[in-house]
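A short write-up of the structure that comes next.
Since every read-out is calculated from the coordinates, none of them should be taken as a lab result. What you see is a predicted model, and the numbers here were worked out from it, not measured in a lab. Quick reminder, even Gly has a Cβ in these numbers, built from the backbone with ideal geometry, and neighbours come from all protein chains shown.
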Amino acid sequence: MPRLRRLSGKEVLKIFEALGFELVSVSGSHHKLRRVVNGQHQTLTISIHANQTLHPKMIRKLFRDALRYIDEETLNNYFYSE
């Protein structure tokens with residue numbers, strides 16, 4: 001069974017940038033990412049605290065939020081290890 005990877009906020013930010021999201025604003029530790037697909041804005045918000053590892057519940061939440069826009073198989077490659 002695949003295990004959820006331990007990722008920092010910066011690593012998650014790089015993952016979503018690789019998937020086409022761009023940083024549009026920063027408010028404190030919250031980074032708002034957006035991409036436009038077929039005229040629709042797709043927005044995600046990530047909490048980044050220096051280079052600290054995110055809590056597994058936060059990583060799962062980001063995974064579920066991203067499932068609205070990205071297929072599960074693609075996300076599994078980034079968020080889960082074999």
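Ignoring lysines fewer than eight residues from K32 along the same chain, the ones with Cα atoms less than 17 angstrom from its Cα are K10, K14, K61. Near F63: Cβ cut-off under 14 Å, other residues only, Lys/Arg at +1 and Asp/Glu at -1. The net charge is +3. Comparing L62, L33, L19 in a Gaussian network model of the chain, where Cα atoms under 10 Å apart are tied by springs, the biggest mean-square fluctuation is seen for L19. Short-range pairs are left out: with C-alpha atoms under 8 Å and at least six residues apart, the relative contact order of the chain is 37 percent. With a cut-off of 14 Å between beta carbons, the residues surrounding Q40 carry a summed charge of +3, where Lys and Arg count +1 and Asp and Glu -1.
Excluding L75 itself, what net charge comes from residues whose Cβ is under 15 Å from its Cβ, given Lys and Arg +1 and Asp and Glu -1? Let's see the in-between values first.
Numbers: positive: R3, R5, K14, R35, R60, K61, R64, R68; negative: E11, E17, D65, D71, E72, E73, E82.
Net of charged neighbours comes to +1.
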